[in-house]
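Notes for the one structure printed next.
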Amino acid sequence: MTSAAPAETILKSSHLLGIEQLSVPEITALLDLAETYVALNRGADKKTATLRGRTLINLFFEASTRTQSSFELAGKRLGADVMNMSVKTSSVSKGETLIDTATTLNAMRPDLLVVRHQDSGAAELLSRKLDCCVINAGDGSHEHPTQALLDALTIRRRRGAFQGLVVAICGDVLHSRVARSNIHLLLKMGARVRLIAPRTLLPADADRFGVEIFHDMKKGLQGVDIVMMLRLQLERMSGAFVPSTREYFHFYGLDHEKLKLAKPGAFVMHPGPMNRGVEIDSAVADDIEVSLIQEQVEMGVAIRMAVLDALSRGLAKEGRNAP
Ligand code: ASP
């Protein structure tokens, strides 16, 4: 391994559990570091030795396409050994608890554990029990910090700064960890946030978030710079929160007609997976003039590389699990 000068510490904590705990300088430093990985990922040789000797375990209790694969790629491009734990074929299917599964994996001395779990607080619980760095890849409807960071990187690359930007987060806010992490991040960075949703899909305490709230999408979209659409999370709903998906699309689905109400040149984002024809029209999702959805995926790999790099700097400093 080439011995470079010790890298600067970026994160105070040895875990990434949520955006709520991050400071503005920490967020800015992560975005800056991710820029270097955007450049690396666009080159022919995408590998570095930053995490050589380190082991990363992906432990996903919920389905994932983008997050799991981008953490895997991120780890591999940084030179780590990456193991994807398949929960369906593991002893979890025999009833093993989250803690027992994680403690077993911890005994194999990983350096970084990426966890997605259906319960809010799962990642934090693990961070208190294990000696490796824990990264929250989505816990229930609580937080999904790397999604908000990759969204921020996408926005910053297109708009330059957050100060004064108006971002509308639309749809199923109630069940969305993406919305929560984005609200924390955008407000910290100086953007204005609007939530646009039917009453049934907003948390009861939404008026305490420091955001503007709209139930009428046509009013809420007026003058916004970024329209962030959310998936209707049917798997988290017991009972009906919307009369029908057809009616939902009529009032809250983003099509070109509604998008015209936003600021000229406004961009559209969606964390994926999309329900086409439910919260977003295909004509908008696939319109490369306005849709940043594929760019978000690209930024996802760079952000996850930045997060893994930043956390591993803490490991090296503490001499924890030194390779
Ligand atoms: N992929 C995101 C998440 O895991 C958004 C979604 O599932 O709708 O929260």
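Can you compute the charge dipole magnitude of the range 82-202 about its Cα centre, using +1 on each Lys and Arg Cβ and -1 on each Asp and Glu Cβ, nothing else charged? Give it in debye, rounded to the nearest 20.
On the way: 16 positive and 10 negative charges, 131 e Å.
Dipole magnitude for the range 82-202 comes out near 620 debye.
Hey, if you put +1 on the Cβ of every Lys and Arg and -1 on every Asp and Glu Cβ in the chain, which of 301, 206, 250 ends up farthest toward the positive end of that dipole?
301
Would you please put 189-196, 21-28 in order of how densely packed they are, using the mean number of other Cβ atoms within 10 angstrom per residue and starting with the highest? Don't skip to the answer; put the middle values down first.
Numbers: 189-196: 20.9, 21-28: 15.9.
Those peptides, ordered most packed to least, come out 189-196, 21-28.
If each DSSP helix of 4+ residues adds -39,500 (n - 2.57) and the sum is divided by the residues in the chain, what number results at 222 nm, nearest 500 deg cm²/dmol? Each step should come with its number before you reach the end.
Working: 11 runs with 120 residues, N = 323.
The helix contribution divided over the chain gives -11000 deg cm²/dmol.
Among 126, 162, 144, whose Cα sits farthest toward the positive end of the charge dipole of the range 85-167 (+1 at Cβ of Lys/Arg, -1 at Cβ of Asp/Glu, about the Cα centre)?
162
So which DSSP H runs in the chain come out at 15 Å plus along the axis (Cα) with average Kyte-Doolittle of at least 0.0?
Values: long enough: 24-41 (25 Å, 0.84); 66-77 (16 Å, -1.18); 145-159 (21 Å, -0.57); 177-188 (17 Å, 0.12); 293-318 (38 Å, 0.33).
Flagged H segments are 24-41, 177-188, 293-318.
Can you compute the equivalent ellipsoid semi-axes for the range 42-195, i.e. the square root of 5 times each eigenvalue of the Cα gyration tensor, sorted largest first and rounded to whole Å?
Working: eigenvalues 171, 89, 31 Å².
Whole-Å semi-axes of the equivalent ellipsoid: 29, 21, 12.
Within the range 187-323, how many Lys pairs sit with Cα atoms under 23 Å apart, leaving out pairs fewer than 8 places apart on the same chain?
On the way: 188/263; 218/258; 218/260; 218/263; 219/258; 219/260; 219/263.
Step by step, the pairs that qualify in the range 187-323 add up to 7.
Report, in whole Å, the centroid distance computed from the Cα atoms of the range 82-105 and the range 265-281.
First find each Cα centre; the distance between them is then 33 Å.
Please report the antiparallel percentage of the DSSP beta bridges confined to the chain, to the nearest 5.
Of the beta bridges lying entirely in the chain, close to 5 percent run antiparallel.
Restricting to lysine pairs 8 or more places apart or on different chains, what number in the range 1-142 have Cα atoms under 29 Å apart?
Lysine pairs satisfying the spacing and distance rule in the range 1-142 number 10.
Test of understanding: in a Gaussian network model of the chain with alpha carbons linked when under 10 Å, which of 152, 306, 266 would top the mean-square fluctuation ranking?
266
For the chain, state the semi-axes of the equivalent ellipsoid (square roots of 5 times the eigenvalues of the alpha-carbon gyration tensor), sorted largest first and rounded to whole angstrom. Please report the intermediate quantities before stating the final value.
Details: eigenvalues 224, 104, 58 Å².
Values for the chain, descending: 33, 23, 17 Å.
Run the dipole for the range 1-73 about the Cα centre, Lys and Arg Cβ at +1, Asp and Glu Cβ at -1, nothing else charged, and hand back the magnitude in debye, nearest 20. All intermediate terms of the calculation are to be shown ahead of the outcome.
Numbers: 7 positive and 8 negative charges, 63 e Å.
Once rounded to the nearest 20, the dipole reads 300 debye.
Using the per-residue mean of other Cβ atoms lying within 10 Å as a proxy for protection, in what order, highest first, do the peptides 297-305, 272-280 fall?
Working: 297-305: 24.8, 272-280: 17.9.
Those peptides, ordered most packed to least, come out 297-305, 272-280.
Which order, highest average first, do 160-166, 74-80 follow once you tally other Cβ atoms within 10 Å for each residue and take the mean per peptide?
Values: 160-166: 14.3, 74-80: 22.0.
My ranking of the peptides, most packed first, is 74-80, 160-166.
Quick one: dipole size for the chain, taken about the Cα centre, charges +1 on Lys/Arg Cβ and -1 on Asp/Glu Cβ, in debye to the nearest 20. Write out the running numbers ahead of the final one.
Numbers: 39 positive and 37 negative charges, 78 e Å.
That gives the chain a dipole magnitude of about 380 debye.
None of the figures in this text is laboratory data; all of them are computed from the coordinates on show. A quick note: this is a predicted structure, and the numbers were derived from the prediction, not measured. All Cβ positions, glycine included, derive from the backbone under ideal geometry; neighbour counts span all protein chains shown.
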